[in-house]
1. Residues being in contact (Cβ under 8 Å) with a residue 60 or more places away in the chain and within 24 Å of S22 (Cβ to Cβ): count how many of those fall in the range 153-167.
2. Quick one: in the range 83-123, of everything that is in contact (Cβ under 8 Å) with a residue 60 or more places away in the chain and open to solvent by 50 Å² or more (accessible area, probe 1.4 Å), which residue is farthest from A36 (Cα to Cα)?
3. Considering each of I6, I58, I39 in turn, give the residue that is in a helix (DSSP H, G or I), touching a Ser or Thr at 6+ places or on another chain (Cβ under 7 Å) and either open to solvent by less than 80 Å² (accessible area, probe 1.4 Å) or at pLDDT below 90 (or both).
4. Any residue at all in the range 229-240 that's of a type in the set (A, V, I, L, M, F, W, C), open to solvent by 50 Å² or more (accessible area, probe 1.4 Å) and touching a residue at least 24 places away in the same chain (Cβ under 8 Å)?
5. How many residues, within the range 105-122, are among the small types (G, A, S) and closer than 12 Å to I174 by Cβ?
6. Among the numbered criteria (1) open to solvent by less than 60 Å² (accessible area, probe 1.4 Å); (2) modelled with pLDDT of 90 or more; (3) out of contact with any Ser or Thr (no Cβ under 9 Å at 6 or more places or on another chain), which one does I72 miss?
Amino acid sequence: QTLDCINKSNKWEYNVAWIDTSAHENSIGRSIITRANFIKKGKTTEFYEKKRINLGIILNMIPSLFMNRYLIKLLNELYFYFHKSYIDTIDIDTFFYPLDSIKKWNKIYGSKGFISYQCSISKKNSYSKIKEILQKIKKEKIYSFVSVLKSMSKTDKEISFSQKGYTLVFDFPIYSNVYKVLDNIDELVKKNKGKIYLCKDSRISKKRFIEINNEFMKKDFTALRKTQKFFFDSIQSKRLGI
């Protein structure tokens, strides 16, 4: 139902689904979909720096155990059941960066922080593969509150993350088993000819990355870098050999 709604939303310039990762087995994939278009000509909206809630001091005092699977499960339930359908005109920041209404919101994860994971799934067999990923998250109880599903179009740009299909985004607290589970999800992404988004990656191995994002080697990205007069090195580029 979620995928059908996204696919039927072509008239909307932006449509995104928040997913309840802790939903019961018979409700896996239940979502809240947000769709938006830019306002029409003749209408205006004022840009201004909005006041943000500053919970920095309080959030700094939160222990890492605070944002656990039980709390996230509760937050997911409350967010789903108390969310109301509505139509409104809002500013760009509110739509694209809802978390930024709270200063230093990342501190809610405690001193251990969190790991962000984003992958793409090709259009073919997308329903079964997305369900399989959500079932894996549910089974291993690595719940995420910031969980997003979006559709994507194919691009003709080199080494681009975009492909015809869907992209999944999750922010996980540092559960004891999170890295092992993400390795397993990588395998599901690989089997479905998906990709791993480099801007969110902090843990994939060089071997697995080459298997999944093989266009980096097909386009000989490493050779391309040597021809450039200036280039960057990072912890990530060294880890992945690019």
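The values are calculated or read from the model by the stated rules, or taken from the named source; none is laboratory data. Quick caveat, the model's predicted, so the values are computed rather than measured. Positions of Cβ are generated from backbone atoms using ideal geometry, with glycine treated the same way; all protein chains shown enter the neighbour counts. Side chains included, ligands, DNA and RNA excluded: accessible areas come from the protein's heavy atoms. Shrake-Rupley method; radii C 1.70, N 1.55, O 1.52, S 1.80 Å.
1. Result for the range 153-167: 1.
2. K112
3. Testing whether each residue is in a helix (DSSP H, G or I), touching a Ser or Thr at 6+ places or on another chain (Cβ under 7 Å) and either open to solvent by less than 80 Å² (accessible area, probe 1.4 Å) or at pLDDT below 90 (or both) leaves just I6.
4. no
5. Counting residues in the range 105-122 that are among the small types (G, A, S) and closer than 12 Å to I174 by Cβ gives 4.
6. (3)
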